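Presented below is the structure to which this report refers.
Rule-based calculations on the coordinates, nothing more; no lab input. Note that the structure is predicted; figures quoted are calculated from it, not measured. Cβ atoms come from the backbone with ideal geometry, glycine included; neighbour counts cover every protein chain shown.
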Amino acid sequence: MARTLRLLLGTLAIALSLNLAACSHTKDKQKALGGVEAADASDKEVQQMVDFSLRVYNEENNDLYYSRAVKVLSARQQVVNGMMYYLQIQVGRTTCTKSQSYLADCPFREQPAQQKKEICSFVVYTVPWLHEISMEDYSCHSA
């Protein structure tokens, strides 16, 4: 009887310690909700945000040529009432004029005088289940 009681108490102690560890881990995750965290630049959703950002950038600038991403420098995301993406992208001028259809693989300008490279920071908000996406803010500076 005493041995059975010790076995039960030992099992209960192990179960409680595992439960406390799980609760502690859950609290750590809850702190991260709403926090900004790194995102994988090759992730499908992040790539969609990059494409959207460049579409807005190309529509709003006065350049005669399309620009496209040279490199995604950083990608971060934040869970809100949807998802907020914070992207930093190196953008480069291509050889394709805006009078042409946009070509995702259009080559970059090679002549130094015609190259235009910028570092742009984009903030994109999306609510995927409502099919909503909007550019919250962006700014660029020469690279």
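Work through the residues other than residue 91 whose Cβ is under 11 Å from its Cβ and net out their charges, Lys, Arg +1 and Asp, Glu -1. Could the numbers behind the result be given before it?
Numbers: positive: 68, 71, 93, 116, 117; negative: 63, 118.
Net charge in that neighbourhood comes out at +3.
Lysine pairs in the stretch 24-143 with Cα distance under 20 Å, only those 8 or more apart or on different chains: how many are there?
Summing the qualifying lysine pairs gives 5.
Take the Cβ-Cβ distance between residue 101 and residue 41 as r, set R0 to 25 Å, and report the resulting FRET efficiency rounded to the nearest 0.05.
So, using R0 = 25 Å, E works out to roughly 0.45.
Taking 10 °C and 1.306 mPa s as the conditions, I'd like the Stokes-Einstein D for the stretch 31-143 in µm²/s, using the Kirkwood hydrodynamic radius from alpha carbon pairs.
It comes out at roughly 108 µm²/s.
What is the local net charge at residue 143, summed over the other residues whose Cβ is closer than 13 Å to its Cβ (Lys, Arg +1; Asp, Glu -1)?
Once all neighbours under 13 Å are counted, the net charge is +3.
If you count, for each residue, the other Cβ atoms within 10 Å and average over each peptide, how do 120-126, 67-73 line up from highest to lowest? Numbers along the way, then the final one.
Details: 120-126: 19.9, 67-73: 18.0.
Answer by packing, highest mean first, reads 120-126, 67-73.
What FRET efficiency do you get for residue 140 and residue 81 if R0 is 41 Å and r is their Cβ-Cβ distance, rounded to the nearest 0.05? Numbers along the way, then the final one.
Numbers: r = 28 Å, r/R0 = 0.67.
Approximately 0.90, to the nearest 0.05.
What fraction of the Cα pairs in the stretch 36-82, stated in percent, has a spacing above 11 angstrom? Could the numbers behind the result be given before it?
On the way: 774 of 1081 pairs.
It works out to 72 percent of all Cα pairs.
Placing +1 on the Cβ of each Lys and Arg and -1 on the Cβ of each Asp and Glu in the stretch 48-143, which of 77, 142, 87 has its Cα farthest towards the positive end of the resulting dipole?
Ranked along the dipole, the leading option is 142.
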